[in-house]
1. On the given criteria, is residue 253 surrounded by 19 or more Cβ atoms within 10 Å (Cβ to Cβ), farther than 27 Å from residue 191 by Cα, touching a helix residue (DSSP H, G or I) at 6+ places or on another chain (Cβ under 8 Å) and at pLDDT 90 or above?
2. Does residue 535 count as modelled with pLDDT of 90 or more, assigned to a loop (DSSP other than H, G, I, E, B) and farther than 19 Å from residue 445 by Cα?
3. Please pick out the residue among 177, 173, 158 that is closer than 22 Å to residue 205 by Cα, assigned to a helix (DSSP H, G or I) and touching a residue at least 60 places away in the same chain (Cβ under 8 Å).
4. Can you spot a residue in region 562-585 that is over 60 Å from the mean Cα position of the chain (by Cα), within 22 Å of residue 478 (Cβ to Cβ) and in the same structural domain as residue 483 (by TED's automatic domain parsing)?
5. Among the residues of region 475-487, are any touching a residue at least 24 places away in the same chain (Cβ under 8 Å), more than 26 Å from residue 448 (Cβ to Cβ), more than 60 Å from the chain's Cα centre (by Cα) and not in a loop (DSSP other than H, G, I, E, B)?
6. Exactly one of (1) at pLDDT 90 or above; (2) surrounded by 13 or more Cβ atoms within 10 Å (Cβ to Cβ) is unmet by residue 163. Its number?
7. Hey, which of the helices (runs of 4 or more DSSP H) in region 202-278, taking only ones fully inside, have at least 1 residues that are over 23 Å from residue 36 (Cα atoms)?
8. Go through region 545-561 and report how many residues are in contact with a helix residue (DSSP H, G or I) (Cβ under 6 Å, 6 or more places away or on another chain) and in contact (Cβ under 8 Å) with a residue 24 or more places away in the chain.
């Protein structure tokens, strides 16, 4: 078989097994719920049997013919036998009296076998054996032979079960096998008695699969009463027990228990075995309840053999309880160890918290000392604030002067704007005025910076750290430079709108310089814009852009290295940008 096919078959078999197990579990759960319901309603089933018994008693009381009374006494015996052995034995004696009155030895033998059955059920095997041995099988008609051999087979089986020595047990087992064959020989092969005996024989000889097959085939083909279902299911459960098939054994024990309880039978074994199985599975509540019900029914029925069997089951139950207690003790010890560990953790935590409390107490002491020092510093600060107020007055005067300077700068900007218009109208002088415009703006910026420095020196005469920090700020200068560069970029790009595009044509394609935003120039573009305006001196460019001379030199060298043509000719080619347009405008 190919490996893939083998794996596929194994996966499918695993899947089918899981499905079958799930279906089986659901079926058992459903049957268990049904059994719980039947247990809760078992008193009603008992009342139905009591009602039937009452009817038979009324009929017996009204009967005038001994033959009819004999039959009614037989019905009462059959009804009482699995329900109350005392009453069954009483009516078997009454039936023998009527049979003797009639003078029919067959009727007497039948009544005596009824007595033997009851005596065997209550464990009086010697008395039962005496009665059976006193019956002459030769006088029995064919319809009583199954009853006769069944009584002997049951009695031999019970004696074998309770035999104290193996040799005696072997003798009774041989008798049981012999009478079992006799039962099968005198029963119809299609009858329940035959099939039950046949399955019992298969079980006795280890042919458990044949017993299962026999019982399943019979149960599927016949419409059985509740009591008959219980008998068949019990036999089938025994076969599954021998096969170690716990799931099917449990299912059949549940079915048998349901049948016994619905038939109001008190002399049974299925519910007791089911209780033991549930004990082993850990379903202790149900097991305890079912065992008590089994003991209660056996006591009411006075089925001494079942009572003995139930008493024998208690050591097994005790063993299960001992195992459970041991597991609980183990769990308790684990819990105690965990609690001990947690207690140690708590103790360590408490010690740690105590140490931390000592640290906090020391910190509070240190904090009190620090607060005293802070109060002293606050007094010194108040003195400094008074000095600061005086300095603020002087600073206000300086601000007034600064405002006048800014007003002068604004006027200069207005004049330079007018100059820009004139330059725009006269293109032949635009480079000159732009250069002039740049130098003028830089002059005002330098003058403003010099004025800021003079104010810094003036404020430095006092011990006013905050005033010095404020006067050290280049915020005004930075704002002015930012606005100035923005105006420069805007003005230059209006004069040379294709400058960026034309300049990038002079560079390698992969080295193109793209401004971060539209209408603005990068530092490299701004340097070469100044060169286009005729400001080629690196020192002037450095002052204009507020960079070091080395930085300007590095920028110029780096851009020249990106030139498409000869690097030395780059700045000369930059000077040609816009010339063709200017010539056209001049014409």
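1. Working: surrounded by 19 or more Cβ atoms within 10 Å (Cβ to Cβ): yes; farther than 27 Å from residue 191 by Cα: no; touching a helix residue (DSSP H, G or I) at 6+ places or on another chain (Cβ under 8 Å): yes; at pLDDT 90 or above: yes.
Here the answer is no, as residue 253 does not meet what is asked.
2. Working: modelled with pLDDT of 90 or more: yes; assigned to a loop (DSSP other than H, G, I, E, B): yes; farther than 19 Å from residue 445 by Cα: no.
So residue 535 does not fit the description; no.
3. Working: 177 fails: touching a residue at least 60 places away in the same chain (Cβ under 8 Å); 173 fails: touching a residue at least 60 places away in the same chain (Cβ under 8 Å).
Checking each option against the conditions leaves just 158.
4. No, region 562-585 contains no residue that is over 60 Å from the mean Cα position of the chain (by Cα), within 22 Å of residue 478 (Cβ to Cβ) and in the same structural domain as residue 483 (by TED's automatic domain parsing).
5. no
6. The single condition residue 163 does not satisfy is (1).
7. Ranges flagged: 208-221, 226-242.
8. Residues flagged as in contact with a helix residue (DSSP H, G or I) (Cβ under 6 Å, 6 or more places away or on another chain) and in contact (Cβ under 8 Å) with a residue 24 or more places away in the chain within region 545-561 amount to 3.
The values are calculated or read from the model by the stated rules, or taken from the named source; none is laboratory data. Everything numeric here is computed off the predicted structure, so don't read it as measured data. A quick note on method: Cβ atoms are made from the backbone with ideal geometry, for glycine too, and the neighbour counts reach across all protein chains shown.
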